[in-house]
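The values are calculated or read from the model by the stated rules, or taken from the named source; none is laboratory data. Worth saying up front: this structure is predicted, and the values here are computed from it rather than measured. Neighbour counts are summed over all protein chains in view; Cβ atoms, including those assigned to glycine, are modelled from backbone coordinates with ideal geometry. When the accessible area is computed, the model is the full protein with side chains, heavy atoms only, and any ligands, DNA or RNA have been set aside. Shrake-Rupley method; radii C 1.70, N 1.55, O 1.52, S 1.80 Å.
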Amino acid sequence: MSPEEIERIARGEHADPFARLGMHVEDGVLRVRAMLPTARRVGLVDTSPGADTGRVLVWLEPAHPAGLYEASIPTRSAPFRYRLHVDWGPPPDEGEPFEQELEDPYRFGPIIGDFDRWLHGQGSLERPWQVLGAHPCTIDGVDGTRFAVWAPNASRVAVVGSFNHWDIRRHPMRLHPDAGIWEIFLPHVAPGERYKYALHDAAGRRLPLHADPYAFAAEHRPATASVVAELPAPAPLPDEARQRANAFDAPIAIYEVHAGSWRRRGAHDGFDGHFLDWDALGDELIPYVVDMGFTHVELLPVSEHPFDGSWGYQPLGIYAPSSRFGSPAQFARFVARCHEAGIGVLLDWVPAHFPSDEHGLARFDGTALYEHADPREGFHPDWNTLVYNLGRREVANFLRGNALYWLEQYGVDGLRVDAVASMLYRDYSRREGEWVPNAQGGRENFEAVEFLQATNRQVGTTRPGTLMCAEESTAWPGVTRPPHDGGLGFHYKWNMGWMHDTLQYMGRDPIHRVHHQGEISFGLVYAFSENYILPLSHDEVVHGKRSLLERMPGDDWQRFANLRAYYGFMWAHPGKKLLFMGGEFAQRGEWNHDRSLDWHLLEHAPHAGVQRLVRDLNAILRSRPALHQRDVRGDGFEWIDHGDAASSVYAFVRHGESDAPPIVAISHFTPVPRHGYRLGMPRAGRWREILNTDSGWYGGSDAGNAGATMHTEATGAHGRDQSLVLTLPPLATIFLEWQA
């Protein structure tokens, strides 16, 4: 080697370290080289079959004071299997000289095959996490970890970590220039080791150390290194019962949870306590969800994220369950325990953007690799984040693979895709001149549409029965239509319009509701244009919006009554249900991610009453087919009356399949009881009051019909031949079920 090349190796700046390090035949001579800074002596031990492995065959000579050693082996003409005998000398502080035998990473050949590299470049590597990232494995009988990272514009990449003193000179990687992938197998590196990638850009400038985009585990914040981890065994396909639980005609009631603040340990007034890990959440959260009758739990993003205040919506390690709550194995156990208890698990998933922390994806190889280079496309002004370049095949593959990763490796039952509207529109939250039109001059983001369709198509093919849900706040057509029909391919869309309109109505003083009757009924105009989830999510109880209870008008009694009536209306309304934690017992304060929910409120009767109501609503939802079988079909709903603005009354019928008794829901949103209220009924015969949100059991005044069975009269009302005369409790919803 020339002095210049020796110097580049010594500085850790050689572009092709595998061409010089390790064992090679050069000019007819067999040579071996090793870069081992701080080593005092380095010897070569022959470990080929039949060799005397008890002695050093040859001692390498120093070629550079930084720790480069080399030797010629004139007695051999071809490379053979060997180990390095390293004398590290005495430790800097004290102790005996330390010697060890090491496998040389540079004696191992390429790891990633040509076909996988080609698939990755085409953006069609279905499970990219199996190829890239850090994988504990055994090669040629040697235990270690294989590392692979995509960095096509880097001039040099090395693995650094706790195993090599974070020294960029020790383990530079091999480049596959056809794919821009760098790889190396490091013997002796085991699960639990911390690591990052040290990159130099195309001009040779050293970049900040980066965490692994495909890391399967990460250090606990504020530390930022990736951690070598074994993946859990892939989860089996959902059985028939789990697939049925996600069907359009199944009862679905989702409990949305932020794992870091549902409950904490060792905190004063809930603040600054310790997070529950996944095992503890399994012990406490799962029985609670079962007891409350929810069918699914939806977790705010569990991927690794640097800032607690982002709630997980600015993730940097999207393949790593956050270390805040324990190990990947613990998360896998939590999901399995949910399934054993009959609970489905949904994850919030964020493919729209990522934070700009220097240890993350930002300018990963010195270029805008994962993000758009033009800030009009690549910077999100609302969240101060970077936008994924979905037009780059490898980036779309990275994200699409991540969706499948959570479903296959951890067995989750579905994903709720965050901020879909920000992906679909190039001008989302941007003023004129701050966005780049598409090729046709429009605002639609065709790359995002293609990505979402492809992701939903792949998930539907490989994980049947999975739920894919979109948080999409605009009127984009066909969000829940299949891709072959021009849709995006989601199963459900969050009904943000319903949430906004109904909460606005419920926040009005009852005396003013007479003028806003359409706010609460407008959602039925478009209720079957998509398959909807009705969300009362975390976003509605933060940033000064107040809790759901405190958004209700009136004195304390009226606030509780309004909330109970609203829940009754929501559970009767077409669409699947979602309620954020704390809403089920009427949390008074806004949600605070830094503290536990106010569980002590359940010591007070009004809060315990709301909890009983939600439990009973879930039980009725699950046991009455009329309330869920036709949730996404127009023939599952009909109005009786939504025009009685003077009384603020809404009455409608829910239908199931032909053998399911219909249910009539009546919501009354004034604080005055109404006796002798005649209501037209869809069938003649007996109707029984099966729920009254004003029941004393729930903290109400016990007005109503006392759970009685009532017979219709042949008196016309609301365009129907049969009617009932009812008592409508104040600020309440009642359910009536037809008795066969």
If you go through segment 707-740 one residue at a time, how many are under 45 Å from the mean Cα position of the chain (by Cα), within 19 Å of S667 (Cβ to Cβ) and open to solvent by 30 Å² or more (accessible area, probe 1.4 Å)? 2
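Determine, yes or no, whether A439 is more than 23 Å from the chain's Cα centre (by Cα) and either open to solvent by 20 Å² or more (accessible area, probe 1.4 Å) or within 30 Å of N246 (Cα to Cα) (or both). Spell out how you get there, then give the answer.
Numbers: more than 23 Å from the chain's Cα centre (by Cα): yes; either open to solvent by 20 Å² or more (accessible area, probe 1.4 Å) or within 30 Å of N246 (Cα to Cα) (or both): yes.
Yes.
For the condition loosely packed, with under 12 Cβ neighbours inside 10 Å, assigned to a loop (DSSP other than H, G, I, E, B) and at positive phi, what is the one hit in G50, G89? Full working, then the answer.
Values: G89 fails: loosely packed, with under 12 Cβ neighbours inside 10 Å.
After ruling out the rest, the residue left standing is G50.
In the list G680, G699, G704, which residue meets the criterion of being farther than 22 Å from H628 by Cβ, surrounded by 15 or more Cβ atoms within 10 Å (Cβ to Cβ) and touching a helix residue (DSSP H, G or I) at 6+ places or on another chain (Cβ under 6 Å)?
Numbers: G680 fails: touching a helix residue (DSSP H, G or I) at 6+ places or on another chain (Cβ under 6 Å); G704 fails: touching a helix residue (DSSP H, G or I) at 6+ places or on another chain (Cβ under 6 Å).
Just a single option satisfies the conditions, and that option is G699.
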Any idea how many residues of segment 482-506 are farther than 30 Å from P671 by Cα and open to solvent by 10 Å² or more (accessible area, probe 1.4 Å)? 8
Does segment 607-617 contain at least one residue that is modelled with pLDDT of 95 or more, buried (at least 21 other Cβ atoms within 10 Å of the Cβ), on the phi > 0 side of the Ramachandran plot and not aliphatic (A, V, I, L, M)? no
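Residue under question is V479, and the condition is that it be touching an Asp or Glu at 6+ places or on another chain (Cβ under 9 Å), of a type in the set (A, V, I, L, M), at negative phi and open to solvent by less than 10 Å² (accessible area, probe 1.4 Å); does it hold?
Numbers: touching an Asp or Glu at 6+ places or on another chain (Cβ under 9 Å): yes; of a type in the set (A, V, I, L, M): yes; at negative phi: yes; open to solvent by less than 10 Å² (accessible area, probe 1.4 Å): yes.
Spelling it out, V479 is indeed touching an Asp or Glu at 6+ places or on another chain (Cβ under 9 Å), of a type in the set (A, V, I, L, M), at negative phi and open to solvent by less than 10 Å² (accessible area, probe 1.4 Å).
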Residue count for segment 507-527, restricted to those that are open to solvent by less than 50 Å² (accessible area, probe 1.4 Å) and in contact with a Pro (Cβ under 8 Å, 6 or more places away or on another chain): 4
Pairs returned, first residue in segment 194-207 that is closer than 14 Å to G180 by Cβ, second residue that is aliphatic (A, V, I, L, M) and not in a loop (DSSP other than H, G, I, E, B), beta-carbon separation under 7 angstrom, 6 or more apart or interchain, are Y197/V149; Y197/V157; Y197/V159; L199/V157
Just give me the residues in segment 548-558 being crowded, with 22+ Cβ neighbours inside 10 Å and either assigned to a helix (DSSP H, G or I) or among the small types (G, A, S) (or both), in sequence order. L548, L549
Would you please list the contacts, defined by Cβ atoms under 8 Å and residues six or more apart or on different chains, that run from a residue in segment 143-166 that is among the basic types (K, R) to a residue that is open to solvent by 10 Å² or more (accessible area, probe 1.4 Å) and assigned to a loop (DSSP other than H, G, I, E, B)? R146/I111; R156/E13; R156/H14; R156/A15; R156/G204
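What are the residues in segment 272-294 that are of a type outside the set (G, A, S) and open to solvent by less than 10 Å² (accessible area, probe 1.4 Å), if any?
Of the residues in segment 272-294, the ones of a type outside the set (G, A, S) are 272, 274-279, 281, 283-292, 294.
Across segment 272-294, the qualifying residues are L276, W278, L281, L285, V289, M292, F294.
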